[in-house]
1. How about the stretch 68-95: which of its residues are at pLDDT 95 or above and open to solvent by 60 Å² or more (accessible area, probe 1.4 Å)?
2. Could you check how many residues of the stretch 38-67 are surrounded by 17 or more Cβ atoms within 10 Å (Cβ to Cβ) and in contact with a Ser or Thr (Cβ under 6 Å, 6 or more places away or on another chain)?
3. On the basis of being in contact (Cβ under 8 Å) with a residue 60 or more places away in the chain and either under 30 Å from Leu156 (Cα atoms) or in a helix (DSSP H, G or I) (or both), does Glu194 make the cut?
4. For the stretch 158-185, name all the residues that are out of contact with any strand residue (DSSP E or B) (no Cβ under 8 Å at 6 or more places or on another chain), open to solvent by 30 Å² or more (accessible area, probe 1.4 Å) and either touching a residue at least 24 places away in the same chain (Cβ under 8 Å) or outside any helix (DSSP H, G or I) (or both).
5. If Glu266 satisfies all but one of (1) within 14 Å of the chain's Cα centre (by Cα); (2) on the phi < 0 side of the Ramachandran plot; (3) not polar (S, T, N, Q), what's the number of the condition it fails?
6. Any idea which of Thr8, Thr35 is more than 13 Å from the ligand (Cβ to nearest atom), under 14 Å from the mean Cα position of the chain (by Cα), under 20 Å from Arg225 (Cβ atoms) and outside any loop (DSSP other than H, G, I, E, B)?
7. Name the residue, out of Gly70, Gly86, that is touching a strand residue (DSSP E or B) at 6+ places or on another chain (Cβ under 9 Å) and either within 14 Å of the ligand (Cβ to nearest atom) or outside any loop (DSSP other than H, G, I, E, B) (or both).
8. Restricting to the stretch 11-32, and then to whatever is open to solvent by less than 10 Å² (accessible area, probe 1.4 Å) and closer than 22 Å to Arg101 by Cβ, can you tell me which residue is farthest from the ligand (Cβ to nearest atom)?
Amino acid sequence: MPSPAVITVAITGSQPTKAQNPAVPIAPAEQIESTVAAFEAGAALVHVHVRDAHGQPSSDADRYAAVQEGVRRRCPGMIVQFSTGGRGRQAAERGLCLKHRPDMASLATGSVNFASAIYENPPAMIEELAQTMQAFGVKPEIEVFDLAMLYNARALVERGLISAPAHVQFVLGIPNALPARERTLDFLIEELGELLPGATWTAAGIGRHQLTVNRWALARGGHVRTGLEDNIHFERGRLAASNAELVRRVAELCAEHGRRPATPAEARALLGLAGAPAGNA
Ligand code: ZN
């Protein structure tokens with residue numbers, strides 16, 4: 001029996017612009033439409049960033065709520081995950097969206113250099129975000145951009161700030177952070193198994209590494225992430241037409257590795273989430 005793989009679609013992110021790829025959804029209505037198409041192509045989880053009216057990264061909780069409302073109405077059972085990531089956003093505002101009780105939210109468990117900036121996640125802020133997530137019943141997706149973040153995540157579980165079983169995402173291929181190397185992923189998976197038994201994991205490859213990392217994850221029993229946040233191209237020299245196009249390719253790739261896309265209900269069971277919230281028709 002092919003085992004189900006949860007496909008995450010990261011629809012927007014904080015960086016890509018319409019000038020780079022017109023398919024990047026920016027306004028909440030566009031984000032909802034893009035998510036619906038990705039859902040129909042096989043995505044069971046949507047990772048959401050919002051932008052302001054000028055297209056800049058935003059922490060506007062109302063915009064997060066609007067996207068969530070549309071996704072819940074149009075994509076039955078789909079898991080909604082808000083970003084609490086920091087690029088272009090004030091630290092104090094990064095958790096404001098959690099009051100809307102998405103199923104999940106991202107939680108980076110350390111600081112790291114990116115290509116030209118520091119992605120700053122001081123310990124006190126990580127703890128506060130983790131506590132807020134617990135208070136609102138939001139499951140964190142632990143974002144591992146660099147090795148120490150994995151050990152920090154275990155410490156947070158031990159201290160009761162993150163509930164077990166944890167869910168971890170390994171992000172590979174960001175300049176100055178973890179490289180997209182297969183043996184690096186193997187090491188991370190092995191460490192995760194010892195540090196956080198029973199944890200689930202997914203992997204994201206950034207830019208040209210996206211599809212390669214998808215293959216590595218599928219071959220190792222992990223879950224996968226695609227979408228325009230991480231990569232605006234379908235292949236070298238050709239922009240992706242939509243988030244759905246990227247999702248469709250990963251959904252088709254599953255069979256090569258004895259996998260199939262998880263349904264939303266399967267994805268919820270695999271990640272230990274409750275059934276679809278009320279209003280999620
Ligand atoms: Zn993100």
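1. Residues satisfying the conditions are Glu69, Arg73, Arg74, Pro76.
2. 7
3. No: the conditions fail for Glu194.
4. Of everything in the stretch 158-185, those that are out of contact with any strand residue (DSSP E or B) (no Cβ under 8 Å at 6 or more places or on another chain), open to solvent by 30 Å² or more (accessible area, probe 1.4 Å) and either touching a residue at least 24 places away in the same chain (Cβ under 8 Å) or outside any helix (DSSP H, G or I) (or both) turn out to be Arg159, Gly160, Ala164, Pro175, Glu182.
5. Checking Glu266 against (1) within 14 Å of the chain's Cα centre (by Cα); (2) on the phi < 0 side of the Ramachandran plot; (3) not polar (S, T, N, Q), the one that fails is (1).
6. On the way: Thr8 fails: more than 13 Å from the ligand (Cβ to nearest atom).
The unique qualifying residue is Thr35.
7. The conditions single out Gly86.
8. Gln31
The values are calculated or read from the model by the stated rules, or taken from the named source; none is laboratory data. Bear in mind the structure is a predicted one, so any value in this text is a computation, not a measurement. FYI the Cβ positions are ideal-geometry reconstructions off the backbone, even for glycines, and counts take in every protein chain you see. To get the accessible areas, we keep the full protein, side chains included, count just its heavy atoms, and leave off ligands, DNA and RNA. Shrake-Rupley method; radii C 1.70, N 1.55, O 1.52, S 1.80 Å.
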